[in-house]
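Engineer: One structure is given below, represented as structure tokens, and several questions about it will come after.
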Amino acid sequence: MTTPALQYCIGSSSLGGLQWVDCGDRADEFIAKAMAVHGATREGVMALIAKGPKSARYHTDWYAYLRDKARGEAADAIARDRAASARRQQQTTLCRKCGQHLPTSRFTTLPASAQTCDDCV
Ligand SMILES: [Zn+2]
């Protein structure tokens, strides 16, 4: 059984998410720690890691999680995309005439309450 690349969490990042570091050559060391925390076999720990990023712990501290690097980074990318598109949505206004979501800066001709973009005025 091959071990997937793992990452361990070192706490929260400045952006509010969790900060992950590659286990690299120390994967076995972290798996051994997780086996001790969970009282599980290596297979048991790998099954926990497969369940999700907050299932396996290498320590009793709240943030001390282990995760599958590839799956974790894929999930991070999805979360980042969602946050970015949520930000874009917030900064645009729907033009009542052309039906397009446009940056708020394109609604300068009429008062904001009119919600008709400059192209449609
Ligand atoms: Zn328009």
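The values are calculated or read from the model by the stated rules, or taken from the named source; none is laboratory data. Predicted, not measured: the structure shown is a model, and the values here were computed from it. So basically every Cβ, Gly included, is an ideal-geometry build from the backbone, and we count neighbours across all protein chains shown.
Engineer: Can you tell me which of Ala56, Ala64, Ala47 is away from the ligand (no atom under 16 Å from the Cβ), assigned by TED's automatic domain parsing to the domain that holds Cys23, touching a Lys or Arg at 6+ places or on another chain (Cβ under 6 Å) and modelled with pLDDT of 95 or more?
Structural biologist: Ala64
Engineer: Checking Gln89 against (1) modelled with pLDDT of 90 or more; (2) assigned to a helix (DSSP H, G or I), which test does it fail?
Structural biologist: (1)
Engineer: Please name all residue pairs, on different chains or six or more residues apart, with Cβ atoms under 8 Å, provided the first residue is in the range 11-29 and is of a type in the set (S, T, N, Q) and the second residue is assigned to a strand (DSSP E or B) and surrounded by 13 or more Cβ atoms within 10 Å (Cβ to Cβ).
Structural biologist: So the pair list comes out as Ser12/Leu18; Ser12/Gln19; Ser13/Gln19; Gln19/Cys9; Gln19/Ile10.
Engineer: Assess whether Lys97 counts as being at pLDDT 85 or above and farther than 30 Å from Val45 by Cα.
Structural biologist: yes
Engineer: Tally the residues that are among the hydrophobic types (A, V, I, L, M, F, W, C) and away from the ligand (no atom under 13 Å from the Cβ), restricting the search to the range 86-111.
Structural biologist: 1
Engineer: Which one of these is acidic (Asp, Glu), surrounded by 11 or more Cβ atoms within 10 Å (Cβ to Cβ), out of contact with any Gly (no Cβ under 7 Å at 6 or more places or on another chain) and without any contact (Cβ under 8 Å) to a residue 60 or more places away in the chain: Asp76, Asp81?
Structural biologist: So the residue among Asp76, Asp81 that is acidic (Asp, Glu), surrounded by 11 or more Cβ atoms within 10 Å (Cβ to Cβ), out of contact with any Gly (no Cβ under 7 Å at 6 or more places or on another chain) and without any contact (Cβ under 8 Å) to a residue 60 or more places away in the chain is Asp76.
Engineer: Here's another thing I want to ask about it. Looking at (1) outside any helix (DSSP H, G or I); (2) more than 16 Å from the ligand (Cβ to nearest atom); (3) not aliphatic (A, V, I, L, M), can you tell me which one Arg80 breaks?
Structural biologist: (1)
Engineer: Give me a count of the residues in the range 50-62 that are under 15 Å from the mean Cα position of the chain (by Cα) and either surrounded by fewer than 18 Cβ atoms within 10 Å (Cβ to Cβ) or free of Cβ contacts under 8 Å to residues at least 12 places away in the same chain (or both).
Structural biologist: Summing the residues that are under 15 Å from the mean Cα position of the chain (by Cα) and either surrounded by fewer than 18 Cβ atoms within 10 Å (Cβ to Cβ) or free of Cβ contacts under 8 Å to residues at least 12 places away in the same chain (or both) in the range 50-62 gives 2.
Engineer: Residues being in a strand (DSSP E or B) and hydrophobic (A, V, I, L, M, F, W, C): count how many of those fall in the range 1-14.
Structural biologist: Within the range 1-14, residues that are in a strand (DSSP E or B) and hydrophobic (A, V, I, L, M, F, W, C) number 3.
Engineer: Can I ask one more? Quick one: in the range 15-39, of everything that is hydrophobic (A, V, I, L, M, F, W, C) and either part of a loop (DSSP other than H, G, I, E, B) or not assigned by TED's automatic domain parsing to the domain that holds Ala64 (or both), which residue is modelled with the highest pLDDT?
Structural biologist: Filtering first and then ranking leaves Cys23.
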